[in-house]
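Below: one structure, written as structure tokens.
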Amino acid sequence: MALRPITLIGADVLRQKALRVPHFGAELHELLDDMLETMIDAGGVGLAAPQVSLNQQVIIVRLPDDRDSVRRYGEQAGVLYEAVNPKIVRVSHNRVDGVEGCLSIPGYLGTVSRHDMVVVRAQDRHGRALHVKAYGWLARVFQHEIDHLNGVLFIDHAKDVWQLRETHAEIMLA
Ligand code: CO
């Protein structure tokens, strides 16, 4: 595994539509492993391939699993989701506001309205069908990451954006 540099806002790859992944071999596995290491190193809860400069439909999502997070997120805490070619196939009518940041836009946060529940269909690293019904924060991170695959950043639909003065551990970076 290796750390990959995180692409920052301004780079073209963050504004492109990512391409479908056709092969599920060693190259994809290395990418997924590197993305996890990079996300952990950066203190994030999600990462999309365009954030490591690759125009491919690959995302990872993992909520933290410390005691506080287990209380907050329940059984979703600490579970690693690797989603290749993900698609949101169903959403809740209900939407919730939450504060998000993005590893590609360091130092900024914003309030974003997201669906409270989404159903994601994707493939795992071996090409097998993956089906995730995600609620709350997990649903939020999936929506944030899948936005990345469409060239969309949270600042595009945030109700407000502000600059962060200090580090808050509880803030979601994805
Ligand atoms: Co992001």
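The values are calculated or read from the model by the stated rules, or taken from the named source; none is laboratory data. The structure displayed is predicted, hence computed values, not measured ones. Here Cβ is always computed from backbone atoms with ideal geometry, including for glycine, and neighbour counts include all displayed protein chains. Side chains are part of the model used for accessible areas, which takes the heavy atoms of the whole protein and leaves out ligands, DNA and RNA. Shrake-Rupley method; radii C 1.70, N 1.55, O 1.52, S 1.80 Å.
Ignoring ligands, DNA and RNA, please state the percent of accessible area on segment 69-174 from carbon and sulfur, probe 1.4 Å. Carbon and sulfur together cover 50 percent of it. For segment 115-129, the Karplus equation 6.51 cos²θ - 1.76 cosθ + 1.60, evaluated at θ = phi - 60°, returns couplings of 5, 6, 9, 9, 10, 10, 10, 7, 10, 8, 5, 9, x, 7, 4 Hz by residue, with Gly and Pro reported as x.
Here the average projected area of the convex hull drawn through the C-alpha atoms of segment 53-100 stands at 5.1 nm². Rounded to the nearest whole Å², what accessible area per residue is found for the chain with the 1.4 Å probe? Computed with neighbouring chains in place, this is 51 Å² per residue. Under a 5 Å amide H cut-off, with hydrogens placed 1.01 Å from N, Leu19 pairs with Gln56, Gln57 among residues at least 5 apart or on other chains.
Exposed loop sites here mean trypsin sites (Lys or Arg not before Pro) with a DSSP loop assignment and at most 13 other beta-carbon atoms within 10 Å; the chain contains its longest site-free run at 21-127. Only helices enter this figure: runs of n ≥ 4 DSSP H residues, each worth -39500 (n - 2.57), summed and divided by the residues of the chain, yield -7000 deg cm²/dmol at 222 nm to the nearest 500. For His157, the solvent-accessible surface with a 1.4 Å probe is about 70 Å², rounded to the nearest 10. Which of the three applies to segment 89-156, rounded, prolate or oblate, going by the alpha-carbon gyration tensor with a ≥ b ≥ c and a/c under 1.5 meaning rounded? Since a/c reaches 1.5 but b/c is at least a/b, the shape of segment 89-156 is classed as oblate. 3J(HN,Hα) couplings calculated from phi for segment 94-100 with the Karplus curve 6.51 cos²θ - 1.76 cosθ + 1.60 (θ = phi - 60°) are, in sequence order, 5, 10, 9, 7, x, 9, 10 Hz; Gly and Pro show x. Extension gain, Asn94-Glu30: 0.36 nm per intervening residue step, less the Cα-Cα distance, totals 19.3 nm. When you filter the GluC sites (Glu not before Pro) in segment 66-167 for DSSP loop state and at most 11 other Cβ atoms inside 10 Å of their Cβ, you are left with Glu166. Let me know the Kirkwood hydrodynamic radius for the chain, please, with Cα pairs as the basis and the value in Å to one decimal. Here the Kirkwood hydrodynamic radius works out to 16.0 Å.
A convex hull fitted to the Cα coordinates of segment 118-174 yields 115 cubic angstrom per residue. Each residue of segment 45-52 was assigned a 3J(HN,Hα) from its phi angle through the Karplus curve 6.51 cos²θ - 1.76 cosθ + 1.60 (θ = phi - 60°); the sequence is 10, x, 7, 10, 3, x, 6, 10 Hz, with glycine and proline shown as x.
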